[in-house]
1. If Ala24 passes every condition in (1) within 22 Å of the chain's Cα centre (by Cα); (2) modelled with pLDDT under 55 but one, which one does it miss?
2. For segment 44-64: of the residues being of a type in the set (Gly, Ala, Ser) and either open to solvent by 20 Å² or more (accessible area, probe 1.4 Å) or not in a loop (DSSP other than H, G, I, E, B) (or both), which is farthest from Leu316 (Cα to Cα)?
3. Can you tell me how many residues within segment 92-117 are open to solvent by 60 Å² or more (accessible area, probe 1.4 Å) and either farther than 30 Å from Gly58 by Cβ or in a strand (DSSP E or B) (or both)?
4. Assess whether Arg35 counts as being farther than 30 Å from Phe265 by Cα, open to solvent by 50 Å² or more (accessible area, probe 1.4 Å), at pLDDT 90 or above and basic (Lys, Arg).
5. Could you list all residues from segment 158-182 that are in contact (Cβ under 8 Å) with a residue 60 or more places away in the chain and open to solvent by less than 10 Å² (accessible area, probe 1.4 Å)?
6. What pairs can you find where one residue is in segment 108-121 and more than 13 Å from Ala194 (Cβ to Cβ), the other is part of a loop (DSSP other than H, G, I, E, B) and at pLDDT 95 or above, and their Cβ atoms are less than 6 Å apart, with a gap of 6+ or different chains?
7. Just to verify a result, which residue in segment 254-271, among those that are in contact (Cβ under 8 Å) with a residue 40 or more places away in the chain and not acidic (Asp, Glu), is most open to solvent (accessible area, probe 1.4 Å)?
Amino acid sequence: MLKSPKHAGVVAGLVALCASGSTAAQAAPQEFEVRYTAAAGGSTELAPMPTVAVIPKGNAAISSDLSTQLTDAVTAAGDGAADGDRFSATARPSGSAVRWGYNALTQPRSANRNLTEAYLNNLLSCLHSLAEDSVEIAALNLLLAGGALPGETEREAAKNGGRQMFENWKANRCQTRRNSLPFFERNKADIRAATSGMLTDEFDATVFNGQPLLDLIRSLYPLFYHPGGLWAVDRKARLDPLFVTAVDSGFLTVDEAKNVAQIEFSSYWDWVVYVSANKPTLSRAFFSAVAEHCVGSIDGLGEPFQLQQCVDGGDLELATLRVRGKDYVAAQAGGAQ
């Protein structure tokens, strides 16, 4: 049987949208953002990578029900993407709630090797954006060939060159070619090795080692791993569409929720069949949350069921998720937020 209403009249999330004429105040929609976090100090890696993740806006804690549904949805979306195994959800307990994130994986570093060509092309473009007669480009040329810089003046020039490339990349000026030095094409194999090393943290010791390797990493690190650099832009460009696809596939929209909430069915199972037929990709965790919070017993699964009755009784909240201006619905325990 349906759970008895414990908080009659308590309406949260999308109830005002689901119940005709309701004037109850709605909770603010849960929005999301892409967050960059610098690599933690104390790493044993030569070129430690930052993390890039989709998280609830402001790193807000969310309910365990919502966390489970989000994880279910992004996992399904990742399974259908060619590089989906390079992204993964994490959920960390935070009191009675959960800190959730959909992360661009940095480990194992060797798995980043297949990004080498794309990053190499961007690095070459940024190298060509430097002034042809500058001391910065001369210092970078030497490092990229595995050479050693003679002193601190040249090291500072190489770092300045790296910073200039980073600024050019952020300002979309790497497309502006300011030099046509043949060095880059002649030394493309070594520049490719440097690119692969920055991604995998595995540098070809026959080319890069000792102090010259450290100088190379310090010079290239801003372009590769600072906020707005190659890694942050590339991973955000992949995370965004994957997350949007996950939510669009794994959650009901507001209009879909209104439909399935109002209709009374002969049983919970009839409701599941109806919802599944209309949205086959809906997160299985959504159904589990509804069953857990709205159905009082195994026998109750076969008794008359209406989602709106459970929401009106306060046992379930239909929380709003807002992604790219579109609203979706998640199921969570009443009073979860």
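1. (1)
2. Taking segment 44-64 and keeping what is of a type in the set (Gly, Ala, Ser), we get 47, 53, 58, 60-61, 63-64.
Cutting the leftovers down to either open to solvent by 20 Å² or more (accessible area, probe 1.4 Å) or not in a loop (DSSP other than H, G, I, E, B) (or both) gives us 53, 58, 60-61, 64.
Numbers: Ala53: 29, Gly58: 25, Ala60: 20, Ala61: 18, Ser64: 13 Å.
The qualifying residue farthest from Leu316 (Cα to Cα) is Ala53.
3. 7
4. Working: farther than 30 Å from Phe265 by Cα: yes; open to solvent by 50 Å² or more (accessible area, probe 1.4 Å): yes; at pLDDT 90 or above: yes; basic (Lys, Arg): yes.
The answer is yes for Arg35.
5. Here is the first cut: in segment 158-182, the residues in contact (Cβ under 8 Å) with a residue 60 or more places away in the chain are 158-159, 162, 166, 169.
Across segment 158-182, the qualifying residues are Ala158, Gly162.
6. Arg109/Asp201
7. The first filter runs over segment 254-271 and keeps only residues in contact (Cβ under 8 Å) with a residue 40 or more places away in the chain, leaving 254, 256-258, 260-265.
Cutting the leftovers down to not acidic (Asp, Glu) gives us 254, 257-258, 260-263, 265.
Details: Val254: 26, Ala257: 3, Lys258: 99, Val260: 7, Ala261: 0, Gln262: 74, Ile263: 59, Phe265: 27 Å².
Across segment 254-271, the extreme among qualifying residues is Lys258.
Listed here are the residues, each with its yes/no results for (1) in a helix (DSSP H, G or I); (2) at pLDDT below 95; (3) within 30 Å of Phe87 (Cβ to Cβ).
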| site | (1), (2), (3) |
| --- | --- |
| Arg218 | yes, no, yes |
| Pro222 | yes, no, yes |
| Gly228 | no, no, yes |
| Leu239 | yes, no, yes |
| Leu242 | yes, no, yes |
| Val247 | yes, no, yes |
| Asp255 | yes, yes, yes |
| Tyr274 | yes, no, no |
| Thr281 | no, no, yes |
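The values are calculated or read from the model by the stated rules, or taken from the named source; none is laboratory data. None of the values given here were measured: they were computed from a predicted structure. Quick reminder, even Gly has a Cβ in these numbers, built from the backbone with ideal geometry, and neighbours come from all protein chains shown. Side chains are part of the model used for accessible areas, which takes the heavy atoms of the whole protein and leaves out ligands, DNA and RNA. Shrake-Rupley method; radii C 1.70, N 1.55, O 1.52, S 1.80 Å.
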